[in-house]
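The values are calculated or read from the model by the stated rules, or taken from the named source; none is laboratory data. Since this is a predicted model, take the numbers as computed values, not measurements. Counting neighbours? That spans all protein chains shown, and the Cβs are built from the backbone with ideal geometry, glycine included. Accessible surface areas use protein heavy atoms only, side chains included; no ligands, DNA or RNA. Shrake-Rupley method; radii C 1.70, N 1.55, O 1.52, S 1.80 Å.
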Amino acid sequence: MKNIVILISGRGSNMQALVNARISGARIAAVISNRPDAYGLDWAKAQGIHTVTVDHTQYANRAEFDAALADAIDQFRPDLLILAGFMRILGAEFTQRYAGRLFNIHPSLLPAFPGLHTHQRAIDAGCKVAGCTVHFVTAELDHGPIVSQAVVPILNDDTAQSLAQRVLAAEHRIYPEAVSDFVQGHLRVEGMRVINTRLSDHSSGRP
Ligand code: GAR
């Protein structure tokens, strides 16, 4: 059984999708938030999941917060640490500590639109499609080997809100699937590429 720890900062709808998926071979050991008022914490508690708050405002700097967060996480011996709407930038020491077992979901088709306001930026750039990306986390923000992506259309009358809703539905679909593939041992990282052996293509007609 693989231990999973999920980090959130707010609503936690991706965390809910991960919990509700009841991924075979995995148990959600804890949900940790940097904000005591995160709605997702109440939801997780109501499911009987262990919850912890590590309030970033109580630490003098990023390094101290990262160290306290890592201490809280390590009590649960995670095989996989999942960022699900966790809105703090993590330092290089932290990302190194969990290298190869740290996932993030980002609401754009990376490497396009790292950072914030992804939906408005995609609309303003005239893109015809948008989407979301699950990736291994490295020290560079919203960068790292891509595990999976989903594409949705951008419609003529889309606002950032309507597009965000469409993308979020795709997030809820691909995040549990990507975590399941990790847990089942289907993922192999080769540089920036992630080979998913579950999806090996036997029908490409290559010699
Ligand atoms: C999601 O759309 C997620 O992709 C995004 O925040 C939202 C959190 O929603 N994450 C980022 O922008 C990280 N760079 P949720 O709390 O309901 O899962």
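Listing for the model above:
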| quantity | calculated |
| --- | --- |
| Flag if Ala26 is touching an Asp or Glu at 6+ places or on another chain (Cβ under 9 Å), under 24 Å from Phe182 (Cα atoms) and either loosely packed, with under 14 Cβ neighbours inside 10 Å or of a type in the set (A, V, I, L, M) (or both) | yes |
| All positions within the range 42-69 that are under 18 Å from Gln16 (Cβ atoms) and part of a helix (DSSP H, G or I) | Asp42, Trp43, Ala44, Lys45, Ala46 |
| Condition check for Gly25: away from the ligand (no atom under 15 Å from the Cβ) and not aliphatic (A, V, I, L, M) | yes |
| The range 94-109 - residue that is farther than 17 Å from Ile82 by Cβ and in a loop (DSSP other than H, G, I, E, B) and, of those, least open to solvent (accessible area, probe 1.4 Å) | Ser108 |
| Residue among Val183, Val134, Val189, Val152 that alone is surrounded by 12 or more Cβ atoms within 10 Å (Cβ to Cβ), under 26 Å from Val5 (Cβ atoms), within 14 Å of the ligand (Cβ to nearest atom) and of a type in the set (A, V, I, L, M) | Val134 |
| Residue list for the range 155-172, filter: touching a residue at least 60 places away in the same chain (Cβ under 8 Å) and either open to solvent by 70 Å² or more (accessible area, probe 1.4 Å) or among the aliphatic types (A, V, I, L, M) (or both) | Val167, Leu168 |
| Residue identified as among the charged types (D, E, K, R) and under 13 Å from the mean Cα position of the chain (by Cα) among Arg88, Arg121, Arg97 | Arg88 |
| Count of residues meeting criterion [over 23 Å from Val5 (Cα atoms), near the ligand (Cβ under 9 Å from one of its atoms) and of a type in the set (Phe, Trp, Tyr)] in the range 83-117 | 0 |
| Residues of the range 1-23 satisfying the condition of being under 18 Å from Ile73 (Cβ atoms) and either over 14 Å from the mean Cα position of the chain (by Cα) or open to solvent by 50 Å² or more (accessible area, probe 1.4 Å) (or both) | Met1, Lys2, Asn3 |
